[in-house]
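The values are calculated or read from the model by the stated rules, or taken from the named source; none is laboratory data. No experiment lies behind these values; they were computed from the predicted model shown. Quick reminder, even Gly has a Cβ in these numbers, built from the backbone with ideal geometry, and neighbours come from all protein chains shown.
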Amino acid sequence: MSEHDKPAYRPETLAVRAGQQRSQFGEHAEALYLTSSFVFESAAQAAKRFSGEEEGNVYSRFSNPTVSMFEERLAALEGAEDCVATASGMSAIMALVLAHLKQGDHIVASNSLFGATVQLFSNILARTGITTTFVSHTDPAAWEAAIRPETRLFFLETPSNPLTEIADISALTAIAHAHGILVAVDNCFCTPIVQRPLDLGVDLVVHSATKYIDGQGRVLGGAVCGAKKLTDEVFKYLRTAGPTLSAFNAWVLLKGLETLQVRIEAQAARAARLAAWLETHPKVARVFYPGLPSHPQHQLAMQQQKSGGAIVSFEVKGAREQAWAVVDNCRLLSITANLGDVKTTITHPASTTHGRITPEARAAAGISEGLLRVAVGLEAVEDLQDDLARGLALI
C-alpha cells in the first residue's frame, strides 16, 4: 500500500492491509523473516546500505522486513508519519526520552503514570541527570507552573493507570508548544481505535504493544509513533543501543493488529456493562470508568475517545484484606497484572503494578489499598459478574 493510498482507507481496512510487503514468492500472509543479517550483492551495495545511501535491510537489530511491516501498519492506524518498534513498552519510553533529552533536561509528567514508568523517571533517568516533576494529571495549570527553562518534555498516559483519569490532551499540548516543549502520550489503554493523540496535537505516541495490540498475552513489544523528524532520533538510539523488537514478536503483533478494532469494540462494550453493574453493587465504594456519567472527566473522555475503553477500576468497601478476598475468590478472572488480553484479568495495583513506588506517591496518585483493576476481555459479562460477586459477598 503506497503512502498515497493510505488516507483513502478506514481503520479497519488499514488494520489488515497497511504495511504489507510481499517477496518474490507472492505470499498473501505477511512473511516472518527470521534472520540476523542480510546478504548484499557487492561490497559497494553493502557500503551504500550501511551509510543509508541505499534503502534496504542490513542487520535485524535495526532493519527487518517483518518489523517494518508492523511499524508501517501501526503508523497508519495512529495517523503517524513514521513508527519505530522496540522490544517492550518500557523500552519505547526509554528510547523516546534518551533520543530527545540529555543531561540537565527536565520532564513534566503526570503523577498518575504506570508504576514502572514512575520508577524509570524517578530513579534510572535521574542518574543520567534528567529530572522529572510529577504533577496532577487533570490540572493543566499545574503542568504550566512546573515548567522550567530546561523543560523539554511533557509525558502522560490517558486514561491513567489504574484510575482511568482523563487528561485534557489539547490543553496540555497548547501549553507545551507555547514553550517549545514536546508532548508524548502513552496510548496503551486506548489504542488508535479509541483515541488518536496525534490528531489532538501531540508530538509522539508511545505504545506497549504487549497489551491490546497483541491482544492475547503472547509476546512483548513497544513502539513510538510520530513525525519522521522526531522518530528518526528514536531510530538512531535504537540502531546503536539495540532495544530491538524481534521479528517473531513483530509477526505476532501484525496478526494482533488485524483483529484490534473488533476486539477493542467488543471489550469496551462489555466493560461498560460491567462498570454499570459494579456501580450498583452494595460492597463497591466507587467505580472508575470513563464511560460512566459519574466519572469526573466523562465529558472530556467522550470528546477525546470513541468509547470508555476496556479498563474498569473499583474500590471495595474496605482495604487490602477485603480487596484481596475478591481477587482470591475469582475462579474465572485471571490474577495477573497484564492487561489487554481477550481473557479478563484482575489485579490489586497497590501491591503489584504500583507496589514499587512509595506510599506517598501512591497516595498522590489516588491508589488506595481497596482498589482493584479489571481489564475486561471477551467473556460473557454475566460470567464476569458472577465471578466478582463471589468475592464481594465475603466483604
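Taking Gly52 as the residue in question, decide whether it is at pLDDT below 95, within 30 Å of Ala184 (Cα to Cα) and not charged (D, E, K, R). If you could, list the steps in order and put the result at the bottom.
Working: at pLDDT below 95: yes; within 30 Å of Ala184 (Cα to Cα): yes; not charged (D, E, K, R): yes.
In short, yes.
Given the residues Gly79, Gly19, Gly89, Gly26, which is the only one that is surrounded by fewer than 16 Cβ atoms within 10 Å (Cβ to Cβ) and small (Gly, Ala, Ser)? Outline the logic, then answer.
Details: Gly79 fails: surrounded by fewer than 16 Cβ atoms within 10 Å (Cβ to Cβ); Gly19 fails: surrounded by fewer than 16 Cβ atoms within 10 Å (Cβ to Cβ); Gly89 fails: surrounded by fewer than 16 Cβ atoms within 10 Å (Cβ to Cβ).
None of the other options fit; the residue is Gly26.
Name the single residue that is farthest from the chain's Cα centre (by Cα) among those in region 212-249 being in a helix (DSSP H, G or I) and among the hydroxyl-bearing types (Ser, Thr, Tyr).
Taking region 212-249 and keeping what is in a helix (DSSP H, G or I), we get 228-241, 247-249.
With the extra rule that they be among the hydroxyl-bearing types (Ser, Thr, Tyr), the set shrinks to 231, 237, 240.
On the way: Thr231: 17, Tyr237: 20, Thr240: 24 Å.
Among them, the one singled out is Thr240.
Give the residues of region 32-51 that are in contact with a Ser or Thr (Cβ under 6 Å, 6 or more places away or on another chain) and in contact (Cβ under 8 Å) with a residue 40 or more places away in the chain, sorted by residue number. Write out each step before concluding.
Going residue by residue through region 32-51, those that are in contact with a Ser or Thr (Cβ under 6 Å, 6 or more places away or on another chain) are 32-33, 36.
If the condition is that a residue be in contact with a Ser or Thr (Cβ under 6 Å, 6 or more places away or on another chain) and in contact (Cβ under 8 Å) with a residue 40 or more places away in the chain, then Leu32, Tyr33 are the ones that fit.
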Checking Leu378 against (1) touching a Ser or Thr at 6+ places or on another chain (Cβ under 7 Å); (2) surrounded by fewer than 18 Cβ atoms within 10 Å (Cβ to Cβ); (3) farther than 24 Å from Ser110 by Cβ, the condition it does not meet: (1)
Check on Gly221, surrounded by fewer than 24 Cβ atoms within 10 Å (Cβ to Cβ), more than 25 Å from His295 (Cα to Cα) and assigned by TED's automatic domain parsing to the domain that holds Ala141: no
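Criterion first (closer than 16 Å to Glu72 by Cβ, of a type outside the set (S, T, N, Q) and at pLDDT 95 or above) does Ala250 satisfy it?
Working: closer than 16 Å to Glu72 by Cβ: yes; of a type outside the set (S, T, N, Q): yes; at pLDDT 95 or above: yes.
Here the answer is yes, as Ala250 does meet what is asked.
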Yes/no for Asn338 being among the polar types (S, T, N, Q), in contact with a Gly (Cβ under 7 Å, 6 or more places away or on another chain) and within 24 Å of Asn111 (Cα to Cα): yes
Residues located in region 102-116, provided they are more than 24 Å from Ala364 (Cα to Cα) and either small (Gly, Ala, Ser) or surrounded by 20 or more Cβ atoms within 10 Å (Cβ to Cβ) (or both): Gly104
Region 39-58, subset surrounded by 10 or more Cβ atoms within 10 Å (Cβ to Cβ) and either touching a Pro at 6+ places or on another chain (Cβ under 9 Å) or among the small types (Gly, Ala, Ser) (or both), residue nearest to Ser246 (Cα to Cα): Asn57
Among (1) touching a residue at least 60 places away in the same chain (Cβ under 8 Å); (2) crowded, with 21+ Cβ neighbours inside 10 Å, the one test that Ser307 misses: (2)
Selection within region 337-365 - surrounded by fewer than 17 Cβ atoms within 10 Å (Cβ to Cβ), within 20 Å of Glu157 (Cβ to Cβ) and among the hydroxyl-bearing types (Ser, Thr, Tyr): Thr352, Thr358
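Determine, yes or no, whether Arg73 is farther than 30 Å from Ala126 by Cα, among the basic types (Lys, Arg) and free of Cβ contacts under 8 Å to residues at least 40 places away in the same chain. Talk me through it step by step, then tell me what you get.
Values: farther than 30 Å from Ala126 by Cα: yes; among the basic types (Lys, Arg): yes; free of Cβ contacts under 8 Å to residues at least 40 places away in the same chain: no.
Answer is no for this residue.
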Thr231 more than 30 Å from Gly355 (Cβ to Cβ), modelled with pLDDT of 95 or more and crowded, with 24+ Cβ neighbours inside 10 Å: yes
